[in-house]
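Right, one structure below, let's go through it.
We did not get these values from a lab; they are worked out from the coordinates using the rules stated. Computed from a predicted model, the values in this text were never measured in an experiment. When we count neighbours, we look across all protein chains shown, and the Cβ atoms used for this are built from the backbone with ideal geometry, even at glycine.
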């Protein structure tokens, strides 16, 4: 389980990430809403151990070790961080990403057979900017999971590619609830999709919440809090 309490990151003029608490066990998909892209990205970076928080506590599987979290997590499509460059073809992107997998897990992974085995031959020659949102999500998550030790997916703002949650939500639900390889999946979004009834949280939820308050609240309560804040 990913457990986060009062996690925050200070910026130059204020909080880059206001105090936020949440929980995400394996086999669950958690959506975390936040209006600002910089705050969503800061949360995604800290949850995947790519950024050091200023304060708060974060543990993975009960361990506070940053190395454990970093090895278990994959950051997916974070704007300005690791989103695919537009000038790359899908084939070149796959080659680059497979090369990042630790050698002891990589084996003889090559882009051509990988694309075939994972049913991406139809998009192999497209530029990454040409990818439909649903295929983009399928490809990037498949690449993240090429490392067999990835147990936590942190996806940054997939709704920036499409206003329709149907273009990215079904794939993430499928991965979270896969009985063969259940993952903890945390997704930052601008706003919760109207049809979402699963676990949800909001960035900055610890600012006005006492320590010990639930990190994840029912959707109806979360929507009410968001409306009252506007």
* Would you mind telling me which residue in 82, 205, 147 has the biggest mean-square fluctuation in a Gaussian network model of the chain, where springs connect alpha carbons within a distance under 10 angstrom? => 82
* Per-residue Cβ neighbour rank within 10 angstrom, fewest leading, 149, 161, 8 -> 149, 161, 8
* Kindly express, to the nearest 10 degrees and within the range 0 to 90, the angle between helix 37-47's C-alpha long axis and the longest C-alpha principal axis of the chain. => 80 degrees
* Taking the Cβ of each residue in 58, 203 as the centre, tally the other Cβ atoms inside 10 Å and list the residues starting with the fewest. => 58, 203
* Structure fact -> With no solvent term and unit scatterers on the alpha-carbon positions of the stretch 125-189, Debye gives log₁₀ I(q)/I(0) at q = 0.21, 0.27 Å⁻¹ of -0.87, -1.29
* **Calculated P(r) of the stretch 90-171 - Cα pairs past 14 Å, %** => 63 percent
* To do: Among 195, 85, rank each residue by its count of other Cβ atoms within 10 Å, from fewest to most, as a rough exposure measure.
  => 195, 85
* On Cα atoms only, tilt of 90-99 relative to the major axis of the chain in degrees -> 70 degrees
* Pick out which of 165, 99, 176 has the largest mean-square fluctuation in a Gaussian network model of the chain, springs linking Cα atoms closer than 10 Å. => 99
* To do: Could you work out the mean projected area of the convex hull around the alpha carbons of the chain, in square nanometres to one decimal?
  => 12.9 nm²
* Just subtract the alpha-carbon distance of residue 173 and residue 110 from 0.36 nm times their residue separation and send over the number in nm, one decimal. => 19.9 nm
* **Gain in span if fully extended, residue 122 to residue 36, counting 0.36 nm per residue against the direct Cα distance** => 27.5 nm
* Asked: Label residue 65 and residue 195 with points 7 Å out from Cα along Cα→Cβ: what is the distance between them in nm?
  -> 4.2 nm
* Asked: To one decimal place, what Kirkwood hydrodynamic radius in Å is obtained for the stretch 160-206 from all pairs of distinct Cα atoms?
  -> 12.1 Å
* To do: Just round it to a whole percent: the fraction of Cα-Cα distances in the stretch 1-136 exceeding 24 Å.
  => 43 percent
* Please give the length that would be gained between residue 160 and residue 26 if that part of the chain were fully extended, namely 0.36 nm times their separation in residues minus their C-alpha to C-alpha distance (nm, one decimal). => 45.7 nm
* Asked: What percent antiparallel are the DSSP beta bridges of the chain, to the nearest 5?
  -> 45 percent
* If you take the Cα Rg of the stretch 46-117 and divide it by 2.2 N^0.38 Å, with N the number of residues, what do you get? -> 1.37
